[in-house]
Amino acid sequence: MDEQKNPWTTLSSKTVLNNNWIKVSDHKVLNPNGNKGVYGTVHFKNLAIGIIPIDKELNTYLVGQYRFPLKQYSWEIPEGGGDLNITPVESAKRELLEETGIKAENYEEIVQMHLSNSVSDEKAHVFIARGLSFHESSPEDSEELIIKKVKLTDAFKMVANEEITDSLSVAGLLKVELMLSKRDLKI
């Protein structure tokens, strides 16, 4: 099997939704077995950016908000969209300050991932932020946020107990837990 060979044949594609954030397309295809089918894809027009702020006492700061698509409340790391024309770390700085009022002296990228590669091309970058200082937050008008300071170990438990289910948060927090267990994380 050639890993680089695309086994799908696109017969036609049609855009069914196009706004400032996403483009949704409907594709008529031949699947890898040569059978006719359909495939829907979502193209994201921004990067997904996540930040795990860590203070000297190994606390982090989670953001709670009601998520419209899920119709439920969600605890997450600070996260948001990053313009494709701006470096991911600059977007991380903006997003952390906007949502939490936190500025950091140091950012370290720890994870790059695709969030749902069976239907979308959304790429994510997760950072650790250290050397924290606290300022005024300025959430977007679509955000009603609660900020919660928690021990990192408690955040890891929230992942294990499925109190945190957001994929960016789960991946980032598990990576931090792994880094701490290997002593690869310097605070």
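The values are calculated or read from the model by the stated rules, or taken from the named source; none is laboratory data. Bear in mind that the values here come from a model prediction, so they are computed numbers and not experimental data. Reconstructed Cβ throughout: ideal geometry from the backbone, glycine too, with neighbour counts over all protein chains shown.
A quick yes/no check of all residues on (1) over 17 Å from Pro53 (Cβ atoms); (2) of a type in the set (A, V, I, L, M, F, W, C); (3) at pLDDT 95 or above; (4) outside any helix (DSSP H, G or I):
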residue: Glu144; (1), (2), (3), (4): yes, no, no, yes
residue: Lys149; (1), (2), (3), (4): no, no, yes, yes
residue: Thr153; (1), (2), (3), (4): no, no, yes, no
residue: Met158; (1), (2), (3), (4): no, yes, yes, no
residue: Glu163; (1), (2), (3), (4): yes, no, yes, yes
residue: Gly172; (1), (2), (3), (4): no, no, yes, no
residue: Val176; (1), (2), (3), (4): no, yes, yes, no
residue: Leu180; (1), (2), (3), (4): no, yes, no, no
residue: Leu185; (1), (2), (3), (4): no, yes, no, yes
Test for Lys28: is it surrounded by fewer than 16 Cβ atoms within 10 Å (Cβ to Cβ) and charged (D, E, K, R): yes
Answer from Asp121, Asp83 - the residue that is in the same structural domain as Ile164 (by TED's automatic domain parsing), closer than 23 Å to Arg67 by Cα and touching a His at 6+ places or on another chain (Cβ under 7 Å): Asp121
Flag for Leu168 being more than 21 Å from Ser74 (Cβ to Cβ), assigned by TED's automatic domain parsing to the domain that holds Gln72 and among the hydrophobic types (A, V, I, L, M, F, W, C): no
Residue tally, condition farther than 25 Å from Lys149 by Cα and without any contact (Cβ under 8 Å) to a residue 12 or more places away in the chain, over segment 38-70: 1
Pair list, Cβ < 8 Å and 6+ apart or interchain, from segment 103-124 residues that are among the hydroxyl-bearing types (Ser, Thr, Tyr) and modelled with pLDDT under 95 to residues that are surrounded by 12 or more Cβ atoms within 10 Å (Cβ to Cβ) and outside any strand (DSSP E or B): Ser116/Glu122; Ser116/Ser167
Given (1) farther than 18 Å from Asp55 by Cβ; (2) of a type outside the set (Phe, Trp, Tyr); (3) in a strand (DSSP E or B), index of the condition Leu132 fails: (1)
Leu47 over 14 Å from the mean Cα position of the chain (by Cα) and farther than 19 Å from Ser137 by Cβ: no
